[in-house]
1. Is region 14-111 best put as rounded, prolate or oblate by its Cα gyration tensor, with a ≥ b ≥ c the root eigenvalues, rounded for a/c under 1.5, and otherwise prolate when a/b is larger than b/c, oblate when not?
2. Relative contact order for the chain: what percent, with Cα pairs under 8 Å and sequence separation of 6 or more?
3. Can you compute 3J(HN,Hα) from phi for each residue in region 142-149, using the Karplus curve 6.51 cos²θ - 1.76 cosθ + 1.60 with θ = phi - 60°, rounded to whole Hz and x for Gly and Pro?
4. Using +1 on the beta carbon of Lys and Arg, -1 on that of Asp and Glu, and nothing else charged, what's the dipole of the chain about the Cα centre, debye to 20?
5. Could you tell me what fraction of 2.2 N^0.38 Å the Cα radius of gyration of the chain comes to, as a two-decimal ratio?
6. Once amide H atoms are placed 1.01 Å from N in the peptide plane, what residues at a sequence separation of 5 or more from Glu201, or on another chain, have their amide H within under 5 Å of its amide H?
7. How much of the DSSP beta bridge set in the chain is antiparallel, as a percent to the nearest 5?
8. Could you give the length gained on full extension between Asp165 and His197, defined as 0.36 nm per residue of separation minus the Cα-Cα distance, in nm?
Amino acid sequence: MRVIPVLDLMAGQAVHARRGRRAAYPPARSVLVPADRAGDPLALARAFHETLRADEWYVADLDALTGAAPQRGLLRVLAGLGGRLLVDAATVTPARARDTLADGAARVVVGLETLPSFAALGRIAEAIGRAHLVFSLDLRAGRPVLQAGTRHHGTPLALARAALDAGAAALLVLDLARVGRGCGVNLELVAAVRRAHPGVELLAGGGIRSVGDLERLAAVGCDGALVATALHEGGLTREHLEEVRRRPDRRRAGHARDSR
């Protein structure tokens, strides 16, 4: 299973996300960088790349997510460091999606919280191709986070199904209320999404605190986990990440057996 470090960006700084309360996010202090580099997104990204040996990062542009202009210049610099970036920059149009890819993102994350309609998601998928699109099933304490006035609604499983039907090729289950709390992810929901969509790439984030949490996610069929606090606080180290990477992918091995 992949372990994907998280960069939350606000006003040019890396911030430490907690419970989805964005106005209160402090600069990210991390064991991965010196104290005098707290909040430095480039120092943290280099630490992901060089110290953790992670070549894939999740980037949340909180300026864009709160209605301001996207931090395109910073994204271009981050992409130049060599990471494969999954970027949520409040993408709701094909033009924004193309811009995000042009700025160096490997994949565009379209979040439920900013999505005006699944028709809009379909237009983005047509414009950039399914392989470049990840749908984020944004939740708060298990409840879908919806933009005011949107017509789409339903259970998390129904919304995941609608996103796949619209053209998403991968799903991210992200509970904002669990972010930064070290309380673990909602394994039951992740397992339910996997059962409903056994062949879809499935990522999860929010509350991951230990190798044990990563093992439990792998056991229910998760392909990748977004992690921030456990890396900043040292609960997960490079050695832990390498241990997880070395383990065989039981889900794919099971599919291979089934296909013989």
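Taken together, the values in this text are just the output of simple stated rules run on the coordinates, not laboratory data. Only a predicted model underlies this, so the values are computations on that prediction, with no experimental measurement involved. Cβ placement follows ideal geometry from the backbone for every residue including glycine, while neighbour counts extend to all protein chains displayed.
1. oblate
2. 19 percent
3. After applying 6.51 cos²θ - 1.76 cosθ + 1.60, I find x, 9, x, 9, 10, 5, 4, x Hz.
4. About 480 debye.
5. Dividing the Cα Rg of the chain by 2.2 N^0.38 Å gives 0.94.
6. Correct list: Leu171.
7. Antiparallel: roughly 15 percent of the beta bridges in the chain.
8. Net length gain for the segment: 10.4 nm.
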